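The values are calculated or read from the model by the stated rules, or taken from the named source; none is laboratory data. From a predicted model like this one, the values you see are computed outputs, not experimental measurements. When we count neighbours, we look across all protein chains shown, and the Cβ atoms used for this are built from the backbone with ideal geometry, even at glycine.
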Amino acid sequence: MARPTPRIVAVAACAAALLGAGGTPAEAGWGSYDRPATYGVVSETGVPITMPDGTVLSANVYRPDRPGRYPVLLFQNPYGSNGVQKNDGGASDPYLVRRGYVQVVVDVRGTGQSQGSWDAFGQAERRDGYDLVEWAARQPWSDGDVGGAGGSYLAIEQVLTAAQRPPHLRAIFPFAPLADAYRDMVMVMVGGSVDTSFIPAWIATVGAGMVQPPAGDIGGIASIVSHISGVTTTASTFVVDPLTDGELAYDGPAWSLRSPIEVADRIRVPTFLVGGLHDIFQRGEPLLYERIKRHAPARLLIGPWMHLNYWTGLPADGVPGFHELELRWYDKWLKHLDTNIEAIPRVTQYSWGLGHYVASRDWPNPQMQPRRLYLRGAGRLASDPPASPETAQSFRQNPVTGICTLSSSQWTAGTAGYLPCAQDDQPDRTLGQASYQTDPLPADARLDGPILADVWARTTAKDAPLTVRVFDVAAEGSAFELSDGWLSARYRATDPRRNRALAGRLIQPWHPFTRQSLLPVNAGEPMRVPVEVFPTNALIRAGHRLRITIASGDFPHQLPPATTLVGSLFGATTILTDPRHTSSVTLPTIGARCALGKPRRLHQCRSWPAPRLRRNGR
């Protein structure tokens, strides 16, 4: 195993000085780790595993080709173990098996070839996780140590299983997990609107693997009917009920049950969390890390990824590729080898604008400071609040705005990549929005964390859905969308006990999203609407501008429930920017304090050169 050389450390220290307080190059601590393959692979399909309630789950088992006892990696997969998930996050890849691990890929209850009815992250499925860990530990090819593995749905299962503390679970490696089933906007709600982009496609993907009878099940047709029934129930839970303003349109026990963050405090096993800056779970991944790190060894890696393109671009800046990283984690905690885990930074994130991975001491970044900019008349975004009445911006409420934006790529999980038109939001402007932009920045500004858009608005309708977008605008005018946030005005209440404040200022609001917390929307009456914009990590270069836009929709990503949709049609929203209604955005700035305002001394403002890092860890 290679450790960082003195030369690497010296280069890292120099680059850190150039970067200022915002972080250090990722290469400073990662080093490298790998070992050669020493085994062939033996596979066994359709292995029956009987749960305590009598339900038989089906698994594929991949083992080293020599007799012995090995650590086991458990994949809890809803897509059919012989079907959809055959990638780096699934178990068809023999890399770890060839290095002395058994992989057990289980079709979760009611999916693939397993018996039962599918209830995504429901009580029975969660209990299965505990029992599967203990089953794996008892097998003759197991040494008794079990790890969790896989991404997305499989990552969520890892967290929910670890929270139950099965005695033989030793470590987990979840990538792309959600934290809050309601607020992470994948399961259902997007600031008071329903996710109509990802969720239907996801349910259809799971359903595609359910038209096969469970292995050894004589009543094959009945089992297929049971599987399809589970898909239908899930579609109702996640889409139909919320769209019709049913009970599931509001936060409550059904969503808490399915939220890993509600039980993450119980996790005691080492956890390596991986997220994406434009993932569908962008909000929740760092929040999960923040909760788990309190009681267990934890690391967080966030890359420039959407949901279906994780691990692209690696290795880079000393950050290794997926196989090497996963092996290093499991070898430490399941094989008890010295892999120098302690040298890996606690938090490593890709930084937009900088184009490199940077490390920081923690998330949230302990050096984060709030910087407030005010929405001003004439489309300005400035550090000083309005001192006199200014011309407000208004737009017609249109639920189909947002097609030519980051959302259309992000919330289809990146299936179409980044839409070319998303680099210039001019097409979307024609559908109606308010826009505010800084002057060219006098110095580089770094952002690392969540963003608050504190908007004063009034509407002529019965509700006002707001979509807030944050852009980095280059000198020639191209716009890169950094992050977004959404909130319908009637959901604007916050819970002070769960809000995140920074230096006494609100920066991440927590909205209850219950029927009881709904606030009236009176036509023509000013309302303060605190919109949570998802966290990002970015370097805004000197000479660039920061742009904030506000619109009334984000189609096809979301649609409001029926009652909200009807109540918001045919209305107009006005964004207020006067001394009594100071709309603003609070940014999580790191270093370069004068970049987003008027510097007291010009010499205090300097640009951050990109660090001179070796590419691809070489």
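Among the residues in the range 375-386, are any modelled with pLDDT under 95 and out of contact with any Gly (no Cβ under 9 Å at 6 or more places or on another chain)? So that I can check it myself, show each step before the final result.
Initial filter on the range 375-386 (modelled with pLDDT under 95): 377-378.
Those left that are additionally out of contact with any Gly (no Cβ under 9 Å at 6 or more places or on another chain): 377-378.
Yes: the range 375-386 contains one or more residues that are modelled with pLDDT under 95 and out of contact with any Gly (no Cβ under 9 Å at 6 or more places or on another chain).
Residue-wise test of (1) surrounded by 24 or more Cβ atoms within 10 Å (Cβ to Cβ); (2) closer than 23 Å to residue 163 by Cβ.
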| residue | (1), (2) |
| --- | --- |
| 258 | yes, yes |
| 268 | no, yes |
| 300 | yes, yes |
| 321 | no, no |
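Residue 543 is checked against (1) closer than 20 Å to residue 399 by Cα; (2) touching a residue at least 40 places away in the same chain (Cβ under 8 Å) and fails just one. What number does that condition carry?
Condition (1) is where residue 543 drops out.
Please work out which residue is farthest from residue 159 (Cα to Cα), limiting yourself to the range 107-142 and to residues that are of a type in the set (A, V, I, L, M, F, W, C), in a loop (DSSP other than H, G, I, E, B) and within 29 Å of the chain's Cα centre (by Cα).
As a first pass, look at the range 107-142 and keep what is of a type in the set (A, V, I, L, M, F, W, C): 108, 118, 120-121, 124, 132-133, 135-137, 141.
From the residues that got through so far, the ones that are in a loop (DSSP other than H, G, I, E, B) too are 108, 118, 120-121, 141.
Next, from what is left, pick out any that are within 29 Å of the chain's Cα centre (by Cα): 108, 118, 120-121.
Values: 108: 15, 118: 19, 120: 14, 121: 11 Å.
Among them, the one singled out is 118.
Hey, among the residues in the range 474-492 that are in contact with a Phe, Trp or Tyr (Cβ under 8 Å, 6 or more places away or on another chain) and closer than 30 Å to residue 356 by Cβ, which one's surrounded by the fewest Cβ atoms within 10 Å (Cβ to Cβ)?
Of all residues in the range 474-492, those in contact with a Phe, Trp or Tyr (Cβ under 8 Å, 6 or more places away or on another chain) come to 474, 479-485, 491.
Now drop any that are not closer than 30 Å to residue 356 by Cβ, which leaves 474, 479-485.
Details: 474: 16, 479: 20, 480: 20, 481: 23, 482: 24, 483: 24, 484: 29, 485: 24.
Applying the filter and picking the extreme gives 474.
Name every residue in the range 371-410 that is within 22 Å of the chain's Cα centre (by Cα) and either more than 22 Å from residue 465 (Cβ to Cβ) or in contact (Cβ under 8 Å) with a residue 60 or more places away in the chain (or both), in order of residue number. So that I can check it myself, show each step before the final result.
Within the range 371-410, the first condition is being within 22 Å of the chain's Cα centre (by Cα), and the residues that meet it are 402-410.
Answer for the range 371-410, where residues must be within 22 Å of the chain's Cα centre (by Cα) and either more than 22 Å from residue 465 (Cβ to Cβ) or in contact (Cβ under 8 Å) with a residue 60 or more places away in the chain (or both): 402, 403, 405, 406, 407, 408, 409, 410.
Out of 498, 505, which single residue is touching a residue at least 24 places away in the same chain (Cβ under 8 Å) and not aliphatic (A, V, I, L, M)?
Working: 498 fails: touching a residue at least 24 places away in the same chain (Cβ under 8 Å).
Only one candidate passes the filter, namely 505.
If you take just the helices (runs of 4 or more DSSP H) that sit entirely in the range 233-341, which of them hold at least 1 residues that are touching a helix residue (DSSP H, G or I) at 6+ places or on another chain (Cβ under 6 Å) and of a type in the set (S, T, N, Q)? Before you say what the answer is, go through the steps one by one.
On the way: elements: 253-257, 284-292, 322-333.
Correct list: 253-257.
Quick test of your reading of the structure: residue 539 fulfils all but one of (1) part of a loop (DSSP other than H, G, I, E, B); (2) modelled with pLDDT of 95 or more; (3) within 23 Å of the chain's Cα centre (by Cα). Name the failing condition by number.
For residue 539, the failing item is (1).
Would you pick out the residues in the range 50-73 that are surrounded by fewer than 18 Cβ atoms within 10 Å (Cβ to Cβ) and on the phi < 0 side of the Ramachandran plot?
Within the range 50-73, the first condition is being surrounded by fewer than 18 Cβ atoms within 10 Å (Cβ to Cβ), and the residues that meet it are 50, 52-56, 65-69.
Across the range 50-73, the qualifying residues are 50, 52, 53, 55, 56, 65, 66, 67, 69.
Of all residues in the range 524-559 being of a type in the set (Val, Ile, Thr) and more than 26 Å from residue 572 (Cα to Cα), which is surrounded by the fewest Cβ atoms within 10 Å (Cβ to Cβ)? Don't jump to the end; show me each part of the working.
Applying the first criterion (of a type in the set (Val, Ile, Thr)) to the range 524-559 yields 529, 531, 533, 536, 540, 548-550.
Going one step further and asking which of them are more than 26 Å from residue 572 (Cα to Cα), we end up with 536, 540.
Numbers: 536: 25, 540: 29.
Among them, the one singled out is 536.
Of all residues being touching an Asp or Glu at 6+ places or on another chain (Cβ under 7 Å) and of a type in the set (Val, Ile, Thr) in the range 333-391, which is surrounded by the most Cβ atoms within 10 Å (Cβ to Cβ)? Just the residue, please.
This residue is 347.
Of (1) modelled with pLDDT under 95; (2) in contact with a strand residue (DSSP E or B) (Cβ under 9 Å, 6 or more places away or on another chain); (3) within 25 Å of residue 412 (Cβ to Cβ), residue 313 satisfies all except one. Which?
(1)
Going by the structure shown, is residue 316 farther than 30 Å from residue 453 by Cβ and either in the same structural domain as residue 279 (by TED's automatic domain parsing) or crowded, with 20+ Cβ neighbours inside 10 Å (or both)? Write out each step before concluding.
On the way: farther than 30 Å from residue 453 by Cβ: yes; either in the same structural domain as residue 279 (by TED's automatic domain parsing) or crowded, with 20+ Cβ neighbours inside 10 Å (or both): yes.
Criteria met by residue 316.
Report the residue count in the range 46-55 for those that are assigned to a strand (DSSP E or B) and either at pLDDT 95 or above or among the aromatic types (Phe, Trp, Tyr) (or both). Show your work before the answer.
Looking only at the range 46-55, we keep the residues that are assigned to a strand (DSSP E or B), and these are 46-50.
Add one more test, that the residue is either at pLDDT 95 or above or among the aromatic types (Phe, Trp, Tyr) (or both), and what stays is 47-50.
The number of residues fulfilling the criteria is 4.
Before we move on, is residue 414 surrounded by 22 or more Cβ atoms within 10 Å (Cβ to Cβ) and modelled with pLDDT under 80?
Values: surrounded by 22 or more Cβ atoms within 10 Å (Cβ to Cβ): no; modelled with pLDDT under 80: yes.
The answer is no for residue 414.
Could you say whether any residue in the range 513-527 is closer than 22 Å to residue 411 by Cα, assigned by TED's automatic domain parsing to the domain that holds residue 407 and either modelled with pLDDT under 95 or aliphatic (A, V, I, L, M) (or both)? So that I can check it myself, show each step before the final result.
Within the range 513-527, the first condition is being closer than 22 Å to residue 411 by Cα, and the residues that meet it are 513.
Next cut, assigned by TED's automatic domain parsing to the domain that holds residue 407 only: 513.
Among the residues that remain, those that are also either modelled with pLDDT under 95 or aliphatic (A, V, I, L, M) (or both) are: 513.
Checked against the condition, which is being closer than 22 Å to residue 411 by Cα, assigned by TED's automatic domain parsing to the domain that holds residue 407 and either modelled with pLDDT under 95 or aliphatic (A, V, I, L, M) (or both), the range 513-527 yields at least one hit.
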